[in-house]
Every structure is written in C-alpha cells, then in structure tokens.
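Structure first, commentary second.
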Amino acid sequence: MTLAELWVQQLLNAVSIGSMYALLAIGLAMVFGILRLINFAHGDLLMVGAYVLIYAVAAGIPFWVAFLLSVAAAALLGVLMERLAYRPVRGQHEVVLLLTSFGVTMLLENSAILAFSPRTRPFPLPEALSGVYHVGHVVMSGIDLAALASALVLLVGLNLVVTRTKLGVSMRAAAEDLTAAHLVGIHLDRVVLAAFAIGSALAGVAGLLWAAKSGRVEPLMGFTPVLKAFVATVIGGLGSIGGAVLGGYLLGLAEVALQAVLPPGLTGYRDGFVFILLILVLLVRPHGLLGKAEGDRV
Amino acid sequence: MTAELVLEDVHVDYGGVAALKGVSLSVREGELVCLLGANGAGKSTTLRTISGLVRPRRGEVRFAGERLQALSPYQIVARGIVHCPEGRHIFGGLTVQENLMLGAVQRRDAAGVRRDLDWVLALFPDLAQRLKQRGATLSGGQQQMLAIARALMARPRILLLDEPSLGLAPVVVQTIFRVIRDLHRQGTTILLVEQNARQALAIADRGYVLESGRIVSSGTRAELEADVQIEKAYLGA
Amino acid sequence: MIERWQARVRAMSLLAGLALLALALLGLQYGASTYVQRVAVDIGIMIILTVSLNLSNGYTGVFSLGHTGFMALGAYGSALLTMTPQVKALNLPDLPAWLAHVHLGFLPALVLVGLAAAAVALAVGYPILRLTGPYVAVATLGFLVIVHIVIINAQAYTRGARTFLGLAPLTNLWWVYGAVVVTIYTAWRIVNSPIGRAMLAVREDPVAARGAGVDILRARLWSFAVSAFFTAVAGALWAHFILAFSASSFWFAVTFEVIVMLIVGGLGSISGSVAATVALSILSEVLRNAERGVTLFGYHTPALYGLSQIVFALVFIAFIVYRPQGLFGDREFSLWPILARWYPPLREAVMAGRQLAE
C-alpha cells in the first residue's frame, strides 16, 4: 500500500464514520437550537428504528420497504417524545430539560428491554450492502458507500429545506431568536414538531447505518452513538446545524487520527481522548467552532 | 365591526410583581396613538400583552370585538396585529431577504407578498441594496428599518411599534419618524411607544401617559401638549 | 433564652435520633431476616449517595451526572486496598508490586478512597466547574465516560470488563449507618455554615453572589470535593457488600437511580433526600421482585425485566413535569413546629423571640 493509498483509506474511514455522526448530530442541534434541550433520548430513536427493521424484515417485508418503515417509525417516535414529554416542560431551565430527556431515555431503553429482551440480535444486512470493493489497495465496504451516499443526499436535501422553504427558514429563525419568531407569527409548535420529525428521521437513517456497521442490535445500542453525536454538536457549536455537520466529520477525522497515532497499548482509550477533547472544547470555545457567543437566553 | 383595539382594566404580573395595574386604552382604525412614560412604566409590557407574549392576570384585550388573551402569538399575528419589538430583534444570522420573507410567514398570496416587498424596499432603499447580506452586518439604523419593514411584510391591520428611535443617530431618527408619519397618512393604524415624547406626540392623533403600570393621563395631541404636568415630566420643558 | 432552648432541643433530638437508630439497627440485626438486612444496607448506601449528590447538585446548582465515576473509584480503590495479597495474586496477577502487597483495614481504606476521590474531584472540577448549566452536566458526563473507559482498559487493576471479585464481606449495617450518620451530619454542618449559605446564594443567583463577594468557584469546588468523598465511601461500602461487580455496575442505571431520588426528594433538602431514598428504595425492591415474576392468587406473572426502571422513569418524568421542586422543595423536615404545637411554653418562647427580632 502506498502512502497516498493509506491516506485515502484513512480519509474514507473518517468520512464514513463522520457521516453517521453528522446525521445523528443534526437532530440534536436542531432541537437544542430552538428549545435549549439536550435530547439524550435521541440515541434511542436509532435503537427503535433498528428493531422495527428487524421485525419488518422477519415478517417478510422487502428490505427497502422495511428501511422506509424504520425511518418513519423513528420520526414518529421523535414527534411523540416532543408531544408527551418535552412540551410540558418547554421553556424551563436547561438542566430540567436535560433531566427530562434522561428520564425519557431510561423509559425507552427499559421498555425495549421488556419488549424485545436484552439479548443482542444480528442485523439483517441485505446482499447489496454486504460487498467489499477494492480500488488499488483501498478497501471499501458496501456500508461505507451507503453511509457516504445517504449522507450526501440527505445533507443536500436538508440544506435545500433550511434555506429554501418557509419551514426551514422559520426553524433557523426560531433557533436564533424565539421572541422574534413569535412576533413575526411563526407557529412554534409546528416548527418544533418539524424539527423533531426531520432530526429523528435522520437519526433513523444513521441508526441503521450504525447497526449495519456493528452488525448488532440491542436495547442500549443508542447510547454510545448519541454521546459521540453530542460531542460533535458541541465541537460545532450547540444549536448550529452547519456546526453539527462539521463537528460530525471532524470527530470522524479525530477518531481515525487517534486510532492511527496512539500506541497499541492505548488504542482502547481512544474514546476517552474523544471525551477529553469534548471537555477541552467546552472550556476553550464553549460555543463551539461555528456557534455564536451569546448571553444566557431568558 | 371596525378594527378597534381595546384594552380594558388589564393587570399583568411579572414573577409576582405587578407591572400593569389596570390599564385601559383604545386604538381606533386609522389612528396613530402614542404611549408615553418613563422607563419601567409598563409601556413595553402593554405591547407584549397585546401580542400575546405575556398573559394578563385580569382584564381583557379585544380586537375587532374578539378577545385576544387566550390566543397564541402566531394567532394574534394572524388577526393582523403585528408587534415590532424594542431592541429590534431581527434575525442576525439570516439574510435581509429571509428576514423580510419571515415577516410574511403566514401569508399565502405570493403576488401580494412580492408587491409588498417592493413597497417596503421603496420605503427603505438602504435595505434594497443589502438583500443578501446577513442581518447582523447591518448598522443599528438599518436594523431598525429592517425590523419595521419585516413587520410591514405581514400587512398589519395595526402596527405596534416599541421604541423605534432608541439608540439611533438623529438623522436616522428623522427618517424613521418620517416613515411612521407616512404610514399613518396612508391609513395604517399604529400604536407607538416612545421615550422621545415630543417627536412622538408631534405625529400622533392621541396619546396616553403611563406611570408605574397605570394610565395617568390621556387625550388628543393638543390636549397633551397643553398639559403642563406632562410638559414638565416628559417633554423636558 | 430562645437560643438556649433551641440548642437544648436540638441536642436532645439528635441524641434521641441516634438512640432510635441504634435501637432500630439492633432490631434489624437480631430480629430481621437476612433479606431485610440486605435491603436495609442497600437503602443506607443509597442514602449516602443521594445526600452527597445533593450537596453538589442541590446546593450549588452545578448539576453533575458524573458522580457514579467517584463511586466506581471508591469501589475498585477500596477493594485493591483491603484484599489480601494472596487473593490479589490469584485474581489480579498483573498488579504492580507496591499495590499487590498493600493490605489495609476497612476504615483506613474508606478514608483513603474518599480522599482520593476528593482529590480527583478537585482536579477535574477545577476546569469543569467554571462552566454553567447544561455544559457542566455534559462535561461531568464526559468524566463518567472516561472513568468507564479507564476501568475497561486498566485490566491489571480492574480485570477490565470482566467481573471483579475476591473481596471480603466487610460491610454490615453498622458500617453503613455509621457512614450515613457522618454523611448527613457533615452535609448538615456544611449547609448551615457560612460556606453553605454561600453555596445556596450561588445557586439562587450566581451574578448577585459574585457581586456580594462570594468566590463561586471555591464554593462549588468545595462542595464537589466533599460530595465526591462520600460518594466514593458509598461505592466502597457497596463493593464490600455486593462482593462482585464490573465496569457496567457503575454506569447510567445507578446514575439515574440516584438522580431520581434526589429530584423526588427535592434539590437542596437533606431530609427530602433521605425520605425519597427510603420510599423509592422500598418501591424499587418490590418492583425488582415483580421483575423476576411473582405468583399472585395462583397466577404466575412472567419475568418483566426492566419494569423497575420503567416505573422509576415514569415517576421521575411525572415529578419533573408536575412537581419539579420535589417532595420537600429546598425546605427541611423540622421537629420544631411539631414540638411547638405539643408544648405550649415552647410556642410562647418562639413567639416572644420573633417579636424581639422584629
């Protein structure tokens, strides 16, 4: 393998994992932007989506239909979460919101343990994605390609939505100034629901990619990815959609770089370094790389 | 029914502290009414109550005979009551154009919106050259113009203006007041809150004076200008 | 006059309380089944965890989600100190020599891990506690994740993800409730000291507190460290009670359980923490039994894993939505009004004191 190929390979790995983080982080950023809510339960959307897929495939539904069903289920769950748990506490202190989402996570994960049993199940990877492709010495799996392709399509689509549609512009406006959003007549409930639906659908896609990559589905599978996605949103600036995407890819790069740089005895600590990075970013640039400095919003 | 805005014995509390203690006032269709008073008298609170940002503890807010106090802010905007808040509150990260389009966020008449866009850009030519610029990059005066223009994009039946001249250079203040006067002459109903009492009164039909949450005086421009007390307290004789 | 009365009543009720507790413990030791004793130990440990978390989260407004990390430190650290060299050679053959030969008594081990946790809290808190609101919560959560990763990777000390065992069953009712008394007493003293009042001022209004010359960072650090001390002690007690645990024992389930008790009891109320912990621990015990499946009137319910946590989560969300101040708010349960009602001279003395004050 030449040095150039090595770089390309590493970059591909970083972009593949970064795509998942970015897709997950977008939903966190959208919701935080408008409501100041750090939604820990975001990770459980991908768990529920993965189970829906498993059951749908087991019921004989074709994979691509099951895929759509699963994404729809994630979006629906996100919307339900907002209606049932987050709307009653809207506007309260940020820590209260955070704790509420903690409660929702516990509820969902344990309900999943009750409903699906705690054991790990294999992910039903379709034939089309299980291939491995070689270009020179660079290796790419079908899942990596799927991650790249879906991230590309979804990010372009999302960009169109938030810049070209009334709903998208309203969403950005509400994230920036809630009072002004009220005063120009934005129907906030609708915008918040849309943010949850879109963010959760993206999380659903990311979740399937994650499950496909790890090959495993279990009730607690959402926690690690959501923590990582959270690091990504913090790096990019909590509440900034563009920042979340940037943060996702930077985190992917950082992980691949750490993996390459750390001596073999320390690679197990890689995620620990990721979280040290999180704390450092919080200390040095609490509003992230793209986030704007702002006073405490009342 | 004419589109009259009526406040009747409105009481508002902020965290247990009374901000409004029984405010009653009315703005009839086509009028320019100004609300005068010192800092903390409750002027902004009155506007925030009308636009639904705060709920009155007691009393009634009616527009064209309909009670407003149970409605959400977006529903109140839908009734044609548009509040241009103190401190401008433009969306700094969004472009001027996006800000203006958000002003018309509830409107479905694309042709009308386009016409109104041309109209507000004619009112504030400064903005026309900066449509693609982010709001945060505008000067204070331009931001105020954007805030008023954005409110006008909703095609208000009544416009609530909160301290439009605050912190602006005298030249800009002149422009803003000229636009307000023109809007009034073209038939827009306006409730204007101002600390700059003399200038506000000069273009108003009527006025109210608020003091610690109560209306202490009211009358036509001539009556208020003749009132010695007001002269002393607010017009800086 | 009134101060003397109050001091005397306080001292008497303290003594009476301690006597009652001792009596109850004796009763438990000689009159109760092993099962009930185990539940009582569990409750005591939860009380220490909740009260010490309250000291940090309730009084300073710095919401830590990372305390379970200190608990883990206490558990693994104390185990390494109390285990005999022979057991260590068997279970942890790769331990460095200096640690392999250490063999301490329970009390010095408890104090040492407490101090170690407090030192870590100071080091970690010094940067983290400058943050505000949700950022602190997130940073402390990051701390917990880092501790978890260290446990899994430091195999020579922790056996990694595998079960850690070989501890002697040193924890009993007396150790636990001794620690409970010390924890509550310390918390109570801190809360009623100038620094405690400073902490509360910081929680209510950081800007005003800074204006009044309260060193916010110091108040926060101080409470964070004391809180870490007792959390580690609780971890050590738990380790020497449960005897076998792993990295996943110190993860989000425990974190969540303690937070639920804290919120239900009321942020900033020590007695609220105690009351909520006792009530919820008993509820949780009942639910855990139900999880395994119970036979009711001849009908056997299936095993319902996750049930107790589901109920906890529902209770928690209900409290957050409908009663965010918890059972007690930030008030304390007080014997004072009750005594005053039953003993008229006391009431008159209180009234007289009040008039004087006015």
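Here are some notes:
- Rounded percent of accessible protein surface that carbon and sulfur make up, chain C, 1.4 Å probe: 68
- Over chain A, relative contact order from alpha-carbon pairs under 8 Å, at least 6 apart, %: 35
- Considering only C:Ala100, C:Thr82, C:Trp188, the residue lying farthest towards the positive end of the dipole of the range C:32-249 is C:Trp188, judged by Cα position with unit charges set on Cβ.
- Remark: mean inter-chain Cβ contacts per residue of C:145-153 equal 5, using a 10 Å Cβ-Cβ cutoff to other protein chain atoms.
- Rounded to 10°, Cα long-axis angle of helix C:270-291 versus longest principal axis of chain C: 40
- Taking Cα atoms only, the orientation of helix B:140-152 departs from the longest principal axis of chain B by about 90 degrees.
- The range C:32-249: relative contact order in percent, alpha carbon pairs under 8 Å with at least 6 residues between: 42
- Interface residues, the range C:255-287 - accessible area loss of 20 Å² or more versus chain alone, probe 1.4 Å: C:Phe256
- Dividing the summed -39500 (n - 2.57) terms of all DSSP H runs of n ≥ 4 by the residue count of the protein assembly as shown sets its mean residue ellipticity at 222 nm at -20500 deg cm²/dmol.
- Chain C and chain A together bury an accessible surface of about 3300 square angstrom, both sides counted, with a 1.4 Å probe and no ligands or nucleic acids included.
- Remark on the protein assembly as shown: ratio of C-alpha radius of gyration to 2.2 N^0.38 Å is 1.09.
- Mean partner shielding of peptide B:88-94, defined as the number of other chain Cβ atoms within 10 Å of each residue Cβ, is 6.
- For the protein assembly as shown, the per residue solvent-accessible surface stands at 43 Å², with DNA, RNA and ligands left out and a 1.4 Å probe.
- Surface composition of the range A:84-131: carbon and sulfur atoms hold 62% of the protein heavy-atom accessible area at a 1.4 Å probe.
- Reported to the nearest whole Å, the Cα centre-to-centre distance from the range A:235-278 to the range A:60-91 is 28.
- Comparing Cα centroids, the range B:164-237 and the range B:37-92 end up 19 angstrom apart.
- The overall shape of the range C:1-147 is oblate: from the C-alpha gyration tensor, with semi-axes ordered a ≥ b ≥ c, the ratio a/c is 1.5 or greater and a/b is no larger than b/c.
- Accessible surface buried by the A/B pair amounts to about 1800 Å², both sides summed, 1.4 Å probe.
- The protein assembly as shown: antiparallel DSSP beta bridges as a percent of all, rounded to 5: 65
- Overall, chain C carries a charge dipole of about 280 debye about its Cα centre when +1 sits on the Cβ of Lys and Arg and -1 on the Cβ of Asp and Glu, all other atoms neutral.
- Share of carbon and sulfur in the accessible heavy-atom surface of the range A:11-59 [1.4 Å probe, %]: 77
- Alpha-carbon centroids, the range C:126-160 and the range C:55-92: separation in whole Å: 13
- Accessible surface comparison of A:Thr2, A:Thr179, probe 1.4 Å, protein chains only, largest first: the order is A:Thr2, A:Thr179.
- Helix C:106-128 axis versus longest C-alpha principal axis of chain C: approximately 80°, rounded to the nearest ten.
- Neighbour net charge for B:Asp109 - beta-carbon separation under 10 angstrom, K R +1, D E -1: +4
- Loop-resident sites, the range B:135-198, for trypsin sites (Lys or Arg not before Pro), counting at most 11 other Cβ within 10 Å (DSSP): none
- In straight-distance terms, cross-link reach from A:Lys166 covers every one of the lysines whose alpha-carbon lies under 30 Å from its own, apart from those fewer than eight places away in the same chain; here that gives A:Lys292, B:Lys132.
- Partner lysines whose Cα lies under 17 Å from the Cα of A:Lys213, excluding those fewer than 8 positions away in the same chain, are identified as A:Lys228.
The values are calculated or read from the model by the stated rules, or taken from the named source; none is laboratory data. What you see is a predicted model, and the numbers here were worked out from it, not measured in a lab. Backbone-built Cβ (ideal geometry, glycine too); neighbour counts: all protein chains shown. These area figures cover heavy atoms from the full protein model, side chains too; ligands, DNA and RNA do not enter into them. Shrake-Rupley method; radii C 1.70, N 1.55, O 1.52, S 1.80 Å.
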